[in-house]
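Encoded as structure tokens, the structure appears first; notes follow it.
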Amino acid sequence: MVRMSAEERRESVIRAAIAEFSQRGYYGTSTEAIAKRVGVSQPYLFRLFPGKKAIFAVASQRCIDEMRELFEKAAEGLEGEEALHAMGDAYVRLIQERPERLQMQMQTYITVAAAEAEGEHEFGELVRAGWSRLWETVHLLSGADVDRTTTFLAKGMLINTYTAMGFPPEHRVWQGMYPDAGTTGRLEKCSDG
């Protein structure tokens, strides 16, 4: 049996944390469940991360960073509306192929709101910093103005909401998401390849 390095274990914990937190949220997920999914003890888990908050923060940050990297790759060599459409298409494919990424985003927003309500601002600051970097990435890659960048991200949040609520691609709520989407919406175009 090949022994994993601490970094490989750490990576396994992050993946397991995303899977667990995306389903049960921060408050509904135990570190025991994460450790079990990875196949390590809780004490070993806490040698890799100082606590549950740290694990959740790293998992949340990973999702934001992966989205930023996805946008960078999708927009490579493009600009303007072409870059925005490529980033939008790549994002829709991501949440279709890896729905836990969308679920983790939603859990992150809920957790930020709960932490802020309790007067704990550190996690919110971390997530807002990640979103600021994401906003800058979209803005710079597309060359879009502030309004267009904001509209792009706002439509992304609407896609998140529709997807989380389970609206099928042919439902009329998807109409108008993109001018060239036709009657079934860009979501279905992406799923068809």
For this session: Determine ³J(HN,Hα), in whole Hz, for all residues of segment 57-74 in sequence, where each value follows from phi through the Karplus function 6.51 cos²θ - 1.76 cosθ + 1.60 and θ = phi - 60°; x replaces Gly and Pro.
Result: 4, 5, 5, 5, 4, 4, 5, 5, 4, 5, 5, 4, 5, 4, 5, 4, 5, 5
Exercise. So what are the ³J(HN,Hα) numbers for segment 100-116, from phi and the Karplus equation (6.51, -1.76, 1.60; θ = phi - 60°), rounded to whole Hz, Gly and Pro as x?
Worked result: 5, 5, 5, 4, 5, 4, 4, 5, 5, 4, 4, 5, 4, 4, 5, 5, 4
For this session: Over the chain, with every protein chain in place, what whole percent of the accessible area is carbon and sulfur at 1.4 Å, could you tell me?
Result: 53 percent
Seminar exercise, completed: Here segment 25-35 yields Karplus 3J(HN,Hα) values (6.51, -1.76, 1.60; θ = phi - 60°; whole Hz; Gly and Pro given as x) of x, 5, 6, x, 9, 9, 5, 4, 5, 5, 4
Exercise. Do the sum for the chain: with -39,500 (n - 2.57) for every DSSP H run of n ≥ 4, divided by all residues, what is the mean residue ellipticity at 222 nm, to the nearest 500 deg cm²/dmol?
Worked result: -25000 deg cm²/dmol
Exercise. Solvent-accessible area per residue for segment 1-49 at a 1.4 Å probe radius, Å²?
Worked result: 62 Å²
For this session: Excluding residues on the same chain fewer than 8 positions from Lys36, give the aspartates and glutamates whose Cα lies under 12 Å from its Cα.
Result: Glu20
Problem set entry | Gyration tensor verdict on segment 114-169 (Cα atoms; rounded if a/c is under 1.5, prolate if a/b is larger than b/c, oblate otherwise) | oblate
Problem set entry | Calculated FRET efficiency for the pair Glu79/Ala164, C-beta based, R₀ 35 Å, to 0.05 | 0.70
Problem set entry | Separation of the Val146 and Arg47 label points, Cα + 7 Å toward Cβ, nm | 5.1 nm
Seminar exercise, completed: The local net charge around Arg10, scoring Lys/Arg +1 and Asp/Glu -1 for residues other than Arg10 whose Cβ lies under 13 Å from its Cβ, equals +1
Problem set entry | the chain - percent relative contact order, Cα under 8 Å, separation 6 or more | 21 percent
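The values are calculated or read from the model by the stated rules, or taken from the named source; none is laboratory data. The structure presented is a predicted model; accordingly, all values stated were derived computationally and were not measured. As a convention, Cβ positions derive from the backbone with ideal geometry for all residues, glycine included, and neighbour counts pool all protein chains shown. For the accessible areas, the whole protein counts, side chains as well, though only heavy atoms, and no ligand, DNA or RNA atoms are used. Shrake-Rupley method; radii C 1.70, N 1.55, O 1.52, S 1.80 Å.
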